[in-house]
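Undergrad: The structure's right below; bear with me while I get my questions together.
Since every read-out is calculated from the coordinates, none of them should be taken as a lab result. Predicted model, so just to flag it, every value in this text is computed and none were measured. Here the Cβ positions follow ideal geometry from the backbone for every residue, glycine too, while neighbour counts run over all protein chains shown.
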Amino acid sequence: MRQLQITVGAAGFATNGGCSTISLGPIMYGGGAGGYDDNGVGIAGNPGASGGGASAVDLGKAGCSGFIAGQGNAGGCSFAACFYETAGGGGGFCTRGGNGLTNCAGNGGSGLPSSFGGVSCIYSAGGGGASRNSCDTGGSAGSIYAGQGAKQEGPAPRDHTNGCPNSGSGGGGAGYGSTGGSGIVIIAYPDSGYCGFGGTVTKSGGCVVHTFLSSGLFVANARSG
C-alpha cells in the first residue's frame, strides 16, 4: 500500500496562486489574482499557473507571467496616452497576454486544452486587463475559464470576472482585485493491477481516474490475484 498526500493549489486573491503537489513535487499552480487599483495606485496582478491581468492604473507595466517555467507566458504591457488607460492581459500557458491598446485593454493569453482522464477543461489561461476611462473596454479572458477585465468608468461599465475554480486560470484585472482559479490534480492508471482510493473516482478509456478538486489523500493498493 502506498499513500500520497495531494495538495490542490489555492486560488490567488491579491496574492500568488497556490501550488498543487503530489507529496514530493509541484504539478500545477492555481491561477494568479488580477491587478487592482488601490486608491489610484496600481497593484500588479499576481502569477500562478497563468498570470492575472494588470490594473488599468498600472501604466506601462506588463501583466504577470506564470509562476514557474513552463506554466505561463509573459503578460502584455499596459498603455497610457491622452484619455486612454488600458492594462495588459495576463499570460496564458500557450500564448502571452495581449498589450493594452488605445481603446481596449489587452486580452488574456490562451490556455492549454486538455481532456486528460476524461476531464475536459482549458487550463492556465490568462485574465484580461482592465480599462479605466469611459472610451475604453476591458480585455477579454484567454478562455471561458479565465476572468475578463473590468471597464472601470464611463457608460456601461463592466465588472471583472474571476478565474473558474480548478482551472488554474487568471482573474481579470479590476478596480479592487479579483480571484484566480484554483488548481486541480488528476491521477489516472489502467483499470487493472491497482485499486486506488481518494478524490472523485470515475472510469474513462480503460483507466481509473481520481480527480482532486481539493486537497486529500490518495491510497494505492496492488490487487491480489
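Undergrad: Relative contact order (percent) for region 154-222, with alpha-carbon contacts under 8 angstrom and 6 or more residues of separation?
TA: Details: 124 pairs, mean separation 16.7, N = 69.
The normalised contact order for region 154-222 reaches 24 percent.
Undergrad: Among 203-209, 118-124, 105-111, 91-97, how do they line up by average Cβ neighbours within 10 Å per residue, starting with the highest? All intermediate terms of the calculation are to be shown ahead of the outcome.
TA: Details: 203-209: 14.4, 118-124: 21.9, 105-111: 33.6, 91-97: 28.9.
Going by the mean number of other Cβ atoms within 10 Å, highest first, we get 105-111, 91-97, 118-124, 203-209.
Undergrad: If the label point is 7 Å along Cα→Cβ of ASN103, which residues in region 123-145 have backbone nitrogen under 12 Å from it?
TA: Once the point is set 7 Å along Cα→Cβ of ASN103, 135-137 turn out to lie under 12 Å by backbone N, inside region 123-145.
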